[in-house]
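The block underneath contains the structure these notes are about, expressed in structure tokens.
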Amino acid sequence: MQNNQLLRMDNVGIVVESLDNTISFFEEIGLQLEGRGMVEGEWAGRVTGLGDQQVEIAMMATPDGHSRIELSRFLKPAVTSDHRTAPVNALGYLRIMFAVKDIDGMVARLMKHGAKLAGEVVQYENAYRLCYIRGPEGILIGLAEPLENQ
């Protein structure tokens, strides 16, 4: 057996224009805001390779505390490209999948935050009801409702 040095995955990062709208959307899903603040200066740019930078971040955590999403709003340097509306088969970031209890209720609540279904809610065998939605700024989210012995 290989000596694996991986301890855990800490977070997934998403760059957004509006932290407030995106925080509200993820709170509706059930994530909790852990903190919000600025990351700036030459030291941060040495990590990212962007040089002197100024980024407002918000850390969102799942209810079990095991997974996090880091939302970033770049003030400096300016955003250079936009992949938010790429289709699900585009290279790179695809989507984040969340397990939920009531997929129909969740979709209805998220639509009040501007979310739109990418396709439709479908059932996969007797295991899940699934859908993809586009949230604020086109962020692609997967929702999966596990089915219990149906």
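Within region 124-138, residues that are under 14 Å from Ile29 (Cβ atoms) reach partners that are of a type in the set (S, T, N, Q) and surrounded by 18 or more Cβ atoms within 10 Å (Cβ to Cβ) with beta carbons closer than 7 Å, at six or more positions or on different chains, in the pairs Pro136/Thr22.
A quick yes/no check of all residues on (1) modelled with pLDDT of 95 or more; (2) under 17 Å from the mean Cα position of the chain (by Cα):
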position: Glu28; (1), (2): yes, yes
position: Leu31; (1), (2): yes, yes
position: Glu40; (1), (2): no, no
position: Gly49; (1), (2): no, no
position: Ala58; (1), (2): yes, yes
position: Val88; (1), (2): no, yes
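Yes/no per residue for (1) open to solvent by less than 80 Å² (accessible area, probe 1.4 Å); (2) under 30 Å from Ala99 (Cβ atoms):
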site	(1), (2)
Met9	no, yes
Thr22	yes, yes
Gly37	yes, yes
Thr48	yes, no
Gly51	yes, no
Ala58	yes, yes
Arg68	yes, yes
Ala78	yes, no
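Take residues that are in contact with a strand residue (DSSP E or B) (Cβ under 9 Å, 6 or more places away or on another chain) and more than 18 Å from Gly13 (Cβ to Cβ) and tell me which of the strands (runs of 3 or more DSSP E) falling wholly in region 63-150 contain 3 or more.
Ranges flagged: 122-124, 128-134, 140-146.
Residues of region 40-56 that are free of Cβ contacts under 8 Å to residues at least 24 places away in the same chain and among the hydrophobic types (A, V, I, L, M, F, W, C): Trp43, Ala44, Val47, Val55. If the condition is being under 12 Å from Ile141 (Cα atoms) and either of a type in the set (D, E, K, R) or open to solvent by 80 Å² or more (accessible area, probe 1.4 Å) (or both), then region 91-116 contributes Tyr93, Arg95, Ala99, Lys116.
The values are calculated or read from the model by the stated rules, or taken from the named source; none is laboratory data. Everything numeric here is computed off the predicted structure, so don't read it as measured data. Quick reminder, even Gly has a Cβ in these numbers, built from the backbone with ideal geometry, and neighbours come from all protein chains shown. For the accessible areas, the whole protein counts, side chains as well, though only heavy atoms, and no ligand, DNA or RNA atoms are used. Shrake-Rupley method; radii C 1.70, N 1.55, O 1.52, S 1.80 Å.
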